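K.L.:
Have a look at this one.
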Amino acid sequence: MNMEISKEGFKTAKGIDGSIRLLFDSSRAKECCDFAIENNIDIISLYPEVYTAKDLDPIYPISKFIKGLLLDDKVNYGNLSLFYNLAFLSVPDNGNDTVDLSSFPKLKMLACKYSQRLQGLESCSNLKSLTVSNYKSKTKDLFDLPSLNNLEYLSLIKTEITTLQGVERHSNLKKLEIFSAPKLETIAPLQALSNSLEEIQIEQCKKINDYEILGKVKSLKKIILSDSGEIKSLAFVKGLPRLEFISFWRTNVLDGNIKYCEGINYVGFDSRKHYTHKSEQFKK
């Protein structure tokens with residue numbers, strides 16, 4: 001984490017979206033609250049090195065001002081519902097407190113761990129970005145996630161799903177990330193998103209056997225397939241008129257024909273003996 005220290009001694013960090021977060025110092029709570037307001041920093045991180053309080057009381061004085069909150073799982077979430085202006089919330093499961101998301105009608109971005117203590121996700125009608133870790137479903141699909149019509153970005157981290165069935169209900173989805181889904185076998189439901197999905201990243205998903213279905217997702221601009229199941233052929237890319245970027249590092253293409261990628265702006269892969277091209281041949 002790249003941090004900066006103000007002349008007052010408060011630490012800030014820049015998020016990947018460029019936003020500034022204040023690492024709240026609970027030992028100087030009033031001064032820290034004043035600093036946040038004076039500098040218009042409305043995203044607060046309860047970074048454990050500087051936030052040593054056991055509850056949310058130190059940041060309550062600016063509860064109405066805060067638009068973004070990154071929680072720590074060692075903190076009690078008892079009065080979290082009082083922070084009703086949140087547009088961004090990162091909430092790990094602390095193993096104790098129930099989090100009712102219906103308390104945050106303005107929520108647009110959510111990062112969470114999937115558990116029984118997380119409630120009210122279906123009420124988040126304005127949600128555009130959702131990152132979920134440890135998602136589980138008895139049916140091994142995505143139907144336990146509520147249909148969110150405004151969702152544009154979905155990231156699944158460590159999940160035991162076997163199919164992407166249910167993803168088609170998120171009809172405005174533009175970007176999908178799947179990290180560590182060792183049982184995922186089919187991504188066929190993605191073809192229902194052929195008018196919206198622009199980016200897909202798949203990493204550590206060894207059992208996927210139908211990558212060719214990506215050729216039916218005509219809206220795709222970017223594909224990343226890392227350390228995942230073998231790709232029979234890259235012929236499917238010829239059906240993607242908008243594709244600008246494809247990467248398949250540590251993912252074997254069985255027929256070895258990389259010619260299909262000619263003309264794409266960026267092509268990244270690790271060279272193999274049976275490939276028709278070396279990776280260097282695609283560097284511009």
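K.L.:
If you scan segment 142-173, which residues turn out to be in contact with a Phe, Trp or Tyr (Cβ under 9 Å, 6 or more places away or on another chain), under 15 Å from Leu197 (Cβ atoms) and surrounded by fewer than 19 Cβ atoms within 10 Å (Cβ to Cβ)?
P.N.:
Ser155, Gly166, Arg169 - these are the residues of segment 142-173 that are in contact with a Phe, Trp or Tyr (Cβ under 9 Å, 6 or more places away or on another chain), under 15 Å from Leu197 (Cβ atoms) and surrounded by fewer than 19 Cβ atoms within 10 Å (Cβ to Cβ).
K.L.:
Mind listing just one residue for me: the one in segment 77-100 that is over 17 Å from the mean Cα position of the chain (by Cα) and among the aliphatic types (A, V, I, L, M) and, of those, nearest to Gln116 (Cα to Cα)?
P.N.:
Val99
K.L.:
Residues of segment 127-141 being among the polar types (S, T, N, Q) and surrounded by 16 or more Cβ atoms within 10 Å (Cβ to Cβ), which ones?
P.N.:
Of everything in segment 127-141, those that are among the polar types (S, T, N, Q) and surrounded by 16 or more Cβ atoms within 10 Å (Cβ to Cβ) turn out to be Ser129, Thr131, Ser133, Ser137.
K.L.:
Give the number of residues within segment 1-24 that are over 28 Å from Ser129 (Cα atoms) and crowded, with 18+ Cβ neighbours inside 10 Å.
P.N.:
1
K.L.:
Moving on to the next point. Quick check on segment 230-284: of everything there that is over 16 Å from Ile202 (Cα atoms) and of a type in the set (Ser, Thr, Tyr), which residue is surrounded by the fewest Cβ atoms within 10 Å (Cβ to Cβ)?
P.N.:
Out of the qualifying residues, it is Ser271.
K.L.:
Given the structure, is Ser155 part of a helix (DSSP H, G or I), within 26 Å of Gly15 (Cα to Cα) and in contact (Cβ under 8 Å) with a residue 12 or more places away in the chain?
P.N.:
no
K.L.:
Please enumerate the residues belonging to segment 127-141 that are among the aliphatic types (A, V, I, L, M) and in contact with a Lys or Arg (Cβ under 8 Å, 6 or more places away or on another chain).
P.N.:
Across segment 127-141, the qualifying residues are Leu127, Val132.
K.L.:
Now, a different point. Could you list, in sequence order, the residues of segment 66-120 that are crowded, with 18+ Cβ neighbours inside 10 Å and in a helix (DSSP H, G or I)?
P.N.:
If the condition is that a residue be crowded, with 18+ Cβ neighbours inside 10 Å and in a helix (DSSP H, G or I), then Leu80, Leu101 are the ones that fit.
K.L.:
With the requirement that a residue be small (Gly, Ala, Ser) and either in a strand (DSSP E or B) or on the phi > 0 side of the Ramachandran plot (or both), what does segment 121-131 give you?
P.N.:
Ser129
K.L.:
In segment 5-60, what residues are within 25 Å of the chain's Cα centre (by Cα) and free of Cβ contacts under 8 Å to residues at least 12 places away in the same chain?
P.N.:
Ile16, Asp17, Gly18, listed by residue number.
K.L.:
In the set Glu49, Glu38, which member is acidic (Asp, Glu), surrounded by fewer than 20 Cβ atoms within 10 Å (Cβ to Cβ) and either modelled with pLDDT under 95 or on the phi > 0 side of the Ramachandran plot (or both)?
P.N.:
Glu49
K.L.:
Residue check, Thr52 against (1) out of contact with any helix residue (DSSP H, G or I) (no Cβ under 8 Å at 6 or more places or on another chain); (2) in a loop (DSSP other than H, G, I, E, B), all met but one. Which one?
P.N.:
(1)
K.L.:
Moving to a separate point now. With in the same structural domain as Ile264 (by TED's automatic domain parsing) and at pLDDT below 95 as the only criterion, which of Gly229, Gly215 stands out?
P.N.:
Within the list Gly229, Gly215, the selection yields Gly229.
The values are calculated or read from the model by the stated rules, or taken from the named source; none is laboratory data. Keep in mind that what you see is a predicted model, and the values were worked out from it rather than measured. Positions of Cβ are generated from backbone atoms using ideal geometry, with glycine treated the same way; all protein chains shown enter the neighbour counts.
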